[in-house]
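Undergrad: The structure's right below; bear with me while I get my questions together.
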Amino acid sequence: MGQSIWNSMEQKGYSRRDFLTFCAAAATAAGFGQSGVAEVVSAFEKKEKPAVIWMHFQECTCCSESFIRASHPIVLDVLLNILDLNYSETLMAASGFQAEKSLNDTIKNNKGKYIVLIEGAVPTGDDGVYCMIGGKTAESILQTVAKDAAAVVAWGSCASNGCVQAAKPNPTGATPIHKLIDKPVINVPGCPPIADVMMGVVSHLLVLGSTPELDSQGRPKEFYGRRVHDTCYRRPNYDAGLFVESFDDENARKGYCLYKMGCRGPVTYNACSVIKWNEGTSYPIQSGHGCIGCSEEGFWDNGPFYQHLASFPGSALRAQRTQWAWLWARPRWSAWEPMPLSPTSANVPSLQKCMKTIRRSFEGL
Ligand code: SF4
Ligand code: SF4
Ligand code: F3S
């Protein structure tokens, strides 16, 4: 039997305190919270650490870049140094035949127990010539590594749904992993995915040794269960009809909603507005740009990035409410507008402000 994660850490000079810190961080990343720490400690004390293979196919390596910027340094350290990350073209020192041997040995010696993490789509056009490693096509390598894996994770939108590699006209026949293999795939989309989400998925696999609950697109519900729009800090502006009209206008400076600038937060499922990026510093919308829907299927072909969505689930109800409100307000508004305002009325400034807000709300819808 192989070493447990705790044995491994101990051997590498980590203290018991480091181990418990790691367990607490892993429990949080996997969504177990403080109540799950004991379970994590017990799992990491006993469970054999799994071998991991990280493949790179048609991609830009930014998913790896994202992963190494996770906000729990000790978790990252443990995952990179303590796990048997036996094959990763970006992170391993070995190359050539030595690297090939490591890959083959891992598959042979860990049948049914190793985890495969895949970054990138697989080109299937022209017999797969557009991505070959060591003289083999990406597709044949995928079939070999996936066959005896305990779990297969598709990192990022390239591996999960093709992303830019599969954008029309998709000359290389780029295909997502789940369409090519005959076993369940955990899709972790995003271009790139959030580092802490990647960490959470790995932690879940390590602790429970099972697949997290997935949505209809194969994404862990825990991280992809809500729309960016649902927890966006600009949402009150959306609800009040306060919108940015151009990227350099006064409304942009005030941080109004980016819906009219093409924001796809209302149709994009991801944890950006909750977990954020770079240790919770920011996310695209907080930086002033709308969400471009990078974690949704076919996002490069889902329409222009700067054209606002004509509608989205739930918007019809809102539009209906607005229509009723408009029917009620229009005669009153028309009656009010030409009405001369008494300069002596104390209520005039607040009334004007109120009407301006109402007008903006209607204009924005
Ligand atoms: Fe790069 Fe995006 Fe593909 Fe990740 S999903 S490899 S960040 S293009
Ligand atoms: Fe946030 Fe975009 Fe929704 Fe506006 S439309 S509230 S910017 S997610
Ligand atoms: Fe992607 Fe939108 Fe988040 S573009 S990074 S899902 S805010």
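Undergrad: Modelling each spin label as a point 7 Å along the Cα-to-Cβ direction, I'd like the residue 301/residue 289 distance in nm, to one decimal.
TA: About 2.3 nm separates the two model spin labels.
Undergrad: Which whole-number percent of Cα pairs in the stretch 210-299 have a distance greater than 16 Å?
TA: Distances greater than 16 Å cover 54 percent of the Cα pairs.
Undergrad: Expressed in nm², what is the orientationally averaged projection area of the convex hull enclosing the Cα positions of the stretch 101-245?
TA: Answer in nm², one decimal: 11.4.
Undergrad: Read phi for every residue in the stretch 155-170 and hand back ³J(HN,Hα) as whole Hz from Karplus 6.51 cos²θ - 1.76 cosθ + 1.60, θ = phi - 60°, with x for Gly and Pro.
TA: Per-residue couplings from phi come out as 7, x, 6, 4, 6, 7, 8, x, 6, 5, 5, 9, 4, 4, x, 6 Hz.
Undergrad: For the stretch 215-271, which chymotrypsin sites (Phe, Trp or Tyr not before Pro) pass both filters: DSSP loop (anything but H, G, I, E, B) and at most 16 other C-beta atoms within 10 Å?
TA: Counting only loop positions with at most 16 other Cβ atoms within 10 Å, the chymotrypsin sites (Phe, Trp or Tyr not before Pro) in the stretch 215-271 are 233, 247.
Undergrad: Using a Förster distance of 22 angstrom, determine the FRET efficiency expected from the C-beta separation of residue 216 and residue 179, and round it to 0.05.
TA: 0.90
Undergrad: Counting other Cβ atoms within 10 Å, keep those with at most 13, restrict to DSSP loop, and tell me which trypsin sites (Lys or Arg not before Pro) in the stretch 1-56 are left.
TA: When the trypsin sites (Lys or Arg not before Pro) of the stretch 1-56 are filtered for loop state and at most 13 Cβ neighbours within 10 Å, 12 remain.
Undergrad: Return a whole-number percent for the relative contact order of the stretch 60-212, with Cα pairs under 8 Å and 6 or more residues apart as the contact set.
TA: RCO, the stretch 60-212: 26 percent.
Undergrad: If packing is taken as the average number of other Cβ atoms within 10 Å across a peptide's residues, how do 90-103, 281-294 rank, most packed first?
TA: The densest-packed peptide leads the list: 281-294, 90-103.
Undergrad: Do any GluC sites (Glu not before Pro) in the stretch 248-304 lie in a DSSP loop with no more than 14 other beta carbon atoms within 10 Å, and if so, which?
TA: Those satisfying the criteria are 279.
Undergrad: Once you have the Cα-Cα distance between residue 20 and residue 312, take 0.36 nm times their residue separation minus that, and quote the gain in nm to one decimal.
TA: 100.7 nm
Undergrad: Work the Kirkwood hydrodynamic radius out for the stretch 1-128: mean of 1/r over every pair of different alpha-carbon atoms, inverted, in Å.
TA: 16.2
Undergrad: Of 113/179; 46/101; 47/113; 47/276, which sit over 20 Å apart, Cα to Cα?
TA: 113/179; 46/101; 47/276
Undergrad: Right, next: Given 0.36 nm per residue, what is the gain on full extension from residue 127 to residue 246 after removing their alpha carbon distance, in nm?
TA: 38.2 nm
Undergrad: Oh, and also: For residue 117, list long-range residues whose amide hydrogen, built 1.01 Å from N in the peptide plane, is under 5 Å from its own amide hydrogen.
TA: Counting only residues 5 or more places away or on other chains, the set is 53, 54, 55, 153.
Read the figures in this text as sums done on the coordinates, not as results from a lab. All values reported here derive from a predicted model rather than from experimental measurement. Glycine also receives a Cβ, built like all others from the backbone with ideal geometry; neighbour counts cover every protein chain displayed.
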